[in-house]
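Enquirer: First the structure, then my questions, so here it is.
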Amino acid sequence: MKAVVVGTSYGGMEAIRNLLMNLPGDFDLPIIIVLHIGSNTINSYISQLHHKTNRKVKEAREKEPIRRNTVYFAPPNYHLQIESDFTFSLSTDPKINYSRPSIDVLFETAAWAFKDKLIGVLLTGSNNDGAAGLQTIKKFGGITIVENPETAFAKTMPSSAIELFEPDFVLDIKNMAEKMAELGK
Amino acid sequence: MLSDKPNDTNVSQEVMDTKDIEVDLLLQAVFMKYGHDFRNYSKAHLKRRINQRLQLNGYNTISELQNKVLWDKTFFRTFLQDLSINVTEMFRDPEFYLTFREKVVSDLKTYARLKIWQAGCSTGEEVYSLAILLKEEDLLSRTQIYATDFNKNVLETAKQGIYPKKEMELYAKNYIEAGGKGKLSDYYTSKYGSVLFDKSLSKNIVFADHNLVTDGVFAEVNLIFCRNVLIYFDKFLQNKVLKLFNESLTKRGILCLGTKESLRFTDFEQSFSMLDKKMRIYKKLQIPKK
């Protein structure tokens, strides 16, 4: 495996914190996240996450090469894309699924770049962004994991994926962290 | 949907994806036939736009699309529109405009005549934003704005200055946060779900067809405004366009980029000083740093 992409909206701040805190310290795959969050909140959230998880956490910059042992967030109000040379690019294209950044954009472009070396994770959220993108990850041979809608803070987002196709795993956060650790080895 | 053949997933990273080959061939074909050069654009973005067109027209492969693009000029105009960059709103990043008022306007007031180039103006939302700001700062009457784009359709929209009324709520909010001195509605008249921006704003604006990738310097200007255009280009093309900007700017001219764009790691890092780091406002140095 080469990378993990994560998408979430409503309830996502808490879910990401839980997921990262449950991952073993030696989990070194890059984790690239689209979280629907305002531009006023992102910086404090990133620094808080860094202190809680002891991981390198930052906003993804355009043209930046993707590195191990780093957690990246899409900048608010931009779509985040992965190029085939494993660098980031940004776009100001119209909103997709009422969202910018859109999870679908990250997932789809990540699937093209990482193909079967990618883990796609869709967490709590109250719209259906990310479902189609996660399906693309599966089509390209990547592993797809969806948060259990029964235990998720908001179930619309994980449920939309499960209705669209059959993800490889449907798990609650704790088991998800274990599965990711296993896959990341 | 683009056909994701099952065996595609077994292709090793070293072997180029068939679709990537098709994208490169398509861009080469567009350049050779029509002279529009997208070969150094960010590929992920182009691929998404191309995919959307495939789905809309029901084509299975990019090669089919290429055939149509090569033989049907009318279709090519549509496709060109697909690849064009959309600027999304007026006063996007209000904080930028606020900083511009605080840190750039006083500098601009020292000029008797002012020339501004808005490069990649798209449908013009940011040109009108800038014009409103300049009007409120008593600068518009002495300013000549060149607003350019390679896409004639978006230029036509920009020239007309007509936008959907439903966008005005967001734009009005942005305008206030951007330090606007009146009301945004002072600058337009509404009719049938559309608004028309005041012609006094566009009196000093020349809308012109210019391609940043293939065209050269056309005027010497005091300020270049090019926000969220460079993010669509690869490193090579960014440097090429920045060279054009550097040559077009007067001594101590000002360059405004998007807030996620930067001169760092480009060939021109040493040619500019930072006027505002966060809002990516640069000033051309008389003598580049060593």
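Enquirer: With a 10 Å cut-off between alpha carbons and a GNM built on chain A, which of A:16, A:96, A:143 moves the most?
Expert: Of the options given, A:96 has the highest mean-square fluctuation.
Enquirer: Out of the DSSP beta bridges found with both residues in chain A, what percent are antiparallel (nearest 5)?
Expert: Here the share of antiparallel DSSP bridges comes out near 20 percent.
Enquirer: Once amide H atoms are placed 1.01 Å from N in the peptide plane, what residues at a sequence separation of 5 or more from residue A:59, or on another chain, have their amide H within under 5 Å of its amide H?
Expert: The list, which skips near neighbours in sequence, is A:73.
Enquirer: Short version: ³J(HN,Hα) in whole Hz for each residue of the stretch A:58-70, in order, from phi by Karplus 6.51 cos²θ - 1.76 cosθ + 1.60 (θ = phi - 60°), x for Gly and Pro, what are they?
Expert: Each residue's phi maps through the Karplus curve to give 7, 7, 5, 9, 5, 6, 5, x, 7, 10, 5, 6, 9 Hz.
Enquirer: On a C-alpha basis, how far is the centre of the stretch A:122-165 from the centre of the stretch A:44-102 in Å? Whole number, if you could?
Expert: What the calculation gives is 19 Å, centre to centre.
Enquirer: Listing A:50, A:79, B:45 from the residue with the fewest other Cβ atoms within 10 Å to the one with the most, what is the order?
Expert: A:50, B:45, A:79
Enquirer: Beyond 26 Å between alpha-carbons counts as too far, so tell me which of A:56/B:278; A:139/B:240; A:63/B:152; B:199/B:284 fall in that bin.
Expert: Numbers: A:56/B:278 22 Å; A:139/B:240 37 Å; A:63/B:152 29 Å; B:199/B:284 32 Å.
Result: A:139/B:240; A:63/B:152; B:199/B:284 exceed 26 Å.
Enquirer: Give the long-range amide H neighbours of residue A:127: residues separated by 5 or more places, or on another chain, with amide H under 5 Å away, using H modelled in the peptide plane at 1.01 Å from N.
Expert: Correct list: A:10, A:157.
Enquirer: For the protein assembly as shown, what is the calculated [θ] at 222 nm in deg cm²/dmol (nearest 500), taking -39500 (n - 2.57) for each run of four or more DSSP H residues and dividing by its residue count?
Expert: -11500 deg cm²/dmol
Enquirer: Considering only DSSP beta bridges with both partners in the protein assembly as shown, what is the antiparallel share in %, to the nearest 5? Don't skip to the answer; put the middle values down first.
Expert: Details: 21 of 64 bridges.
Taking every DSSP beta bridge with both residues in the protein assembly as shown, the antiparallel ones total about 35 percent.
Enquirer: Out of B:123, B:74, B:157, any idea which swings most in a Gaussian network model of chain B, alpha carbons joined below 10 Å?
Expert: B:74
Enquirer: From the backbone phi of the stretch B:158-169, what are the Karplus-calculated ³J(HN,Hα) couplings (6.51 cos²θ - 1.76 cosθ + 1.60, θ = phi - 60°) in whole Hz, Gly and Pro given as x?
Expert: 4, 4, 5, x, 10, 9, x, 5, 5, 7, 5, 4
Enquirer: Here's a follow-up. Does the stretch A:3-184 come out rounded, prolate or oblate, given a ≥ b ≥ c as the square roots of the eigenvalues of its C-alpha gyration tensor, rounded meaning a/c under 1.5 and, failing that, prolate meaning a/b above b/c?
Expert: Cα axes put the stretch A:3-184 in the rounded bin.
Enquirer: Please go through the residue pairs B:166/B:243; A:2/A:58; A:115/A:179; A:138/B:33; A:155/A:179 and name each one whose alpha carbons sit more than 30 Å apart in this structure.
Expert: B:166/B:243; A:138/B:33
Enquirer: Another one. Taking θ = phi - 60°, what integer Hz values does the Karplus form 6.51 cos²θ - 1.76 cosθ + 1.60 yield along the stretch B:94-108, in sequence order, with x for Gly and Pro?
Expert: Those phi angles translate into x, 4, 4, 5, 5, 5, 4, 4, 6, 10, 10, 4, 4, 5, 5 Hz.
Laboratory data are not the source of any read-out in this text; all were calculated from the coordinates shown. Given the structure is predicted, the values throughout are model-derived calculations rather than measurements. Note that each Cβ is placed from the backbone with ideal geometry, even for glycine, and that neighbours are counted across all protein chains shown.
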